[in-house]
1. Would you be able to tell me the number of residues in segment 51-70 that are among the aliphatic types (A, V, I, L, M) and under 13 Å from SER88 (Cα atoms)?
2. In this structure, does ARG102 turn out to be in contact (Cβ under 8 Å) with a residue 24 or more places away in the chain, in contact with a Ser or Thr (Cβ under 9 Å, 6 or more places away or on another chain) and loosely packed, with under 14 Cβ neighbours inside 10 Å?
3. Go through THR95, THR84, THR150 for me and flag whichever is in the same structural domain as GLU57 (by TED's automatic domain parsing), farther than 23 Å from LEU54 by Cα and either of a type outside the set (D, E, K, R) or at pLDDT below 90 (or both).
Amino acid sequence: MFHAPLLRRLARCCLLPSACVAVLAGSAAASPFPAATISPAEIDRAITNFTGALPGEPGGARQPADPRLRLAACAAPLALDWHTPARSSVKVECTAGPNPWRIFVAVAPPSGPAAATRFSAAAPAIKRGDAVTIMVRGRGFSVQQPGEATESGAVGEWIFVRTSRKADPLRARIERPGLVVIPAD
């Protein structure tokens, strides 16, 4: 039995035809991907129906689902709900079947009069450039570190923060003014 990821890499480099990869890899159970997967286009359609806007448009997903995404096919319709009270992301969930999964999709802020009303009701608790405390909170522990907000947002919204000027940005939820939380659950 050959190492399946190595065989797939070789097939991508055109060294082995895909039929040889299937024979050499053995059973489908050796594959790291589920046998049946849901199409990223199907996830996009579900989010479009939920938000009422196409990916990339105001009010819709910020961008289409990554075509490399490999999630198990869902035996029931996808469950969609707003992840934050500010409606800045959508929770897409498959709870049916042997491989349940959940993803969060960022939503582009809506434009127009409805957006102005929505954002005036939720005043920013943190503004871009504000000093914040970044807390990583998990089951039975929490760790804090000072950081800086790279976006503005209201309580409950997800924004990007960083621990230093050269650090990669991290997504965190605003818990209160000056405090953002990264859940580790």
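The values are calculated or read from the model by the stated rules, or taken from the named source; none is laboratory data. Here the structure is a predicted model, which means the values were calculated and not measured. Cβ: placed from backbone, ideal geometry, glycine included. Neighbour counts: every protein chain shown.
1. 1
2. So ARG102 does not fit the description; no.
3. Being in the same structural domain as GLU57 (by TED's automatic domain parsing), farther than 23 Å from LEU54 by Cα and either of a type outside the set (D, E, K, R) or at pLDDT below 90 (or both) holds for just one of THR95, THR84, THR150, which is THR95.
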